[in-house]
Amino acid sequence: QVQLVESGGGLVQAGGSLRLSCTASVSISSIDVMGWYRQAPGKQRDLVAHIINSGSPKYADSVKGRFTISRDNAKNTVYLQMNSLKSEDTAVYYCAAAELMTVGVWRIVKWGQGTQVTVSS
């Protein structure tokens, strides 16, 4: 079973940048969908960005133009580069590996442990 280990969270001032990493215990080439979700206190967990194996990255409207998801297959690692951070980006960020069921529909098979991102205004 795949294991995911996240790193890179922390405290940053508004307008700053952070890069999150998610390293898998298996080749990420074998994983259909890799994604980043986030959950703020008292809110549901929302999809931030995802990348399907052979496709283009997709982003939530709230982070378009500021966040970039990328994958390094040689390192079995997916990254989330976060620029121009805002206070509303404060949340626990989770990496996820998913199995693609049909177009646009996937089933999460593993969550990372989560990493806290706090943006101070």
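The values are calculated or read from the model by the stated rules, or taken from the named source; none is laboratory data. Here the structure is a predicted model, which means the values were calculated and not measured. For neighbour counting, all protein chains shown are included, and Cβ atoms are generated from backbone atoms with ideal geometry for every residue, glycine included. Heads up: the accessible areas ignore ligands, DNA and RNA and are worked out on the full protein's heavy atoms, side chains in. Shrake-Rupley method; radii C 1.70, N 1.55, O 1.52, S 1.80 Å.
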**Request:** Report P(r) for region 12-56: all Cα-Cα distances, bin width 5 Å, range 0 to the bin holding the largest distance, values in whole percent.
**Result:** 5, 15, 19, 23, 20, 10, 8, 0
**Item:** Cα-projected label distance for ASN73 with GLN3, points at 7 Å along beta-carbon direction, nm
**Value:** 2.5 nm
**C-alpha center-to-center spacing [region 13-34, region 44-121] in angstrom** = 7 Å
**Three semi-axes of the equivalent ellipsoid, region 1-99, Cα gyration tensor, whole Å, largest first** = 22, 13, 13
**Prompt:** Counting DSSP beta bridges with both partners in the chain, what percentage is antiparallel, nearest 5?
**Reply:** 90 percent
**Request:** Determine the shape class of region 68-121: with a ≥ b ≥ c the square roots of the Cα gyration tensor eigenvalues, call it rounded for a/c under 1.5, and otherwise prolate if a/b is greater than b/c, oblate otherwise.
**Result:** prolate
**Complete:** Heavy-atom accessible area per residue of region 2-97, all protein chains kept, 1.4 Å probe, expressed in Å², is 48 Å²
**Prompt:** Can you give the extra length, in nm with one decimal, that the chain gains between ASP46 and GLU99 once fully stretched, where that is 0.36 nm per residue apart less the Cα-Cα distance?
**Reply:** 17.3 nm
